[in-house]
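Shown next, in structure tokens, is the structure this report addresses.
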Amino acid sequence: MKLDRDLQRSILQALADVYPGPTKPAWQKITRLAEENVVVGNLLYMEEHGLVESGLRRSASGGYTINTGSFKITARGLDFLQDDGGLSAILGVVTIKIHDDTIKQLIEAKILQSDLPAQEKKRWTDQLRSLPAETTKHLVLKLLDKSLESGPAALAAIGSLLGIAS
């Protein structure tokens, strides 16, 4: 059995075209797209990824039968067809919160790794530790601005973190 991306897209599109209605017309169209074992294999694969509910059940003879009443595209399958990722892309936004203490620890580590004399390092870290949360937030935004202003160096650092050679 061969996984066939074009067939998978055609199956999803056929199901999307009849959604939320009966899927029997879609099944009739799908069965003409490829050999039965290829269609079944790709349907089961897409079902495992949550893109469809295949409606397939193994028969006593070892083959598969389909219940078109339970054969349908899922919300994830519909979103997959959308160029923008559908609602999954909107609802799947992740918000990352970093506590000011964590930010201070990261900045402090960079100060301690610097070439500053020990006395200066102590003065800088003491000052950093005394900052209120709002000032820390402002400092982070300024550091971000500075890093993005450095253009090629910032891109090189991003590329390095992403494992992309420049």
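The values are calculated or read from the model by the stated rules, or taken from the named source; none is laboratory data. Computed from a predicted model, the values in this text were never measured in an experiment. We place every Cβ from the backbone using ideal geometry, glycine too, and count neighbours over all the protein chains shown. Heavy atoms of the whole protein, side chains included, go into the accessibility calculation; ligands, DNA and RNA do not. Shrake-Rupley method; radii C 1.70, N 1.55, O 1.52, S 1.80 Å.
Among the lysines, select those whose C-alpha is under 18 Å from the C-alpha of K24, and discard any that sit fewer than 8 residues away in the same chain.
Answer for K24, where 18 Å is the Cα cut-off: K72, listed by chain and number.
Give the label of the value calculated from the structure for P(r) over Cα pairs in 10 Å bins from 0, in percent, choosing from [x] 10, 41, 38, 12, 0; [y] 9, 24, 18, 11, 14, 14, 9, 2, 0; [z] 9, 29, 23, 15, 13, 8, 2, 0.
Only one listed value fits the structure, namely [y].
How far, in degrees from 0 to 90, does helix 133-149 lean away from the longest principal axis of the Cα atoms of the chain, to the nearest 10?
In the chain, helix 133-149 runs at an angle near 80 degrees to the longest axis.
Check each of the trypsin sites (Lys or Arg not before Pro) in region 51-142 and keep only those in coil by DSSP with at most 13 other C-beta atoms within 10 angstrom; list them in order.
Answer in residue order: K97.
Among the chymotrypsin sites (Phe, Trp or Tyr not before Pro) within region 40-115, which fall in a DSSP loop and have no more than 15 other Cβ atoms within 10 Å of their own Cβ?
Sparse-neighbourhood loop chymotrypsin sites (Phe, Trp or Tyr not before Pro): none present.
Using only Cα atoms, tell me the angle between helix 100-113 and the longest principal axis of the chain; keep it within 0 to 90° and round to the nearest 10.
Roughly 60 degrees, rounded to the nearest 10.
Which residues in region 84-121 place their backbone N less than 19 Å from a point set 7 Å from the Cα of H49 along the Cα-to-Cβ direction?
84-90, 92
Using θ = phi - 60° and the Karplus form 6.51 cos²θ - 1.76 cosθ + 1.60, what ³J(HN,Hα) does each residue of region 5-16 get, whole Hz, x for Gly and Pro?
Karplus-based 3J(HN,Hα) across region 5-16 equals 4, 5, 5, 4, 5, 5, 5, 4, 5, 4, 6, 5 Hz.
Could you state the accessible area per residue of the chain in Å², with a 1.4 Å probe and every protein chain left in place?
Using a 1.4 Å probe on heavy atoms only, each residue of the chain averages 72 Å².
Which aspartates and glutamates have a Cα less than 13 Å from the Cα of K137, not counting those fewer than 8 places away in the same chain?
List returned: D100, D101, D145.
Under 10 Å, Cα contacts only: if you run a Gaussian network model on the chain, which one of L91, L116, L81 comes out with the highest mean-square fluctuation?
L116
Go ahead and run the numbers for FRET between K137 and S61, Cβ-Cβ distance against an R0 of 45 Å, rounding to 0.05.
With a Förster radius of 45 Å, E is 0.10.
Separation of region 13-90 and region 120-162 by C-alpha centroid, Å?
So the two Cα centres are separated by 49 Å.
Apply 1/(1 + (r/R0)^6) to the Cβ-Cβ distance of D101 and K24, taking R0 = 45 Å, and write down the FRET efficiency to the nearest 0.05.
Using R0 = 45 Å, I get an efficiency of 0.15.
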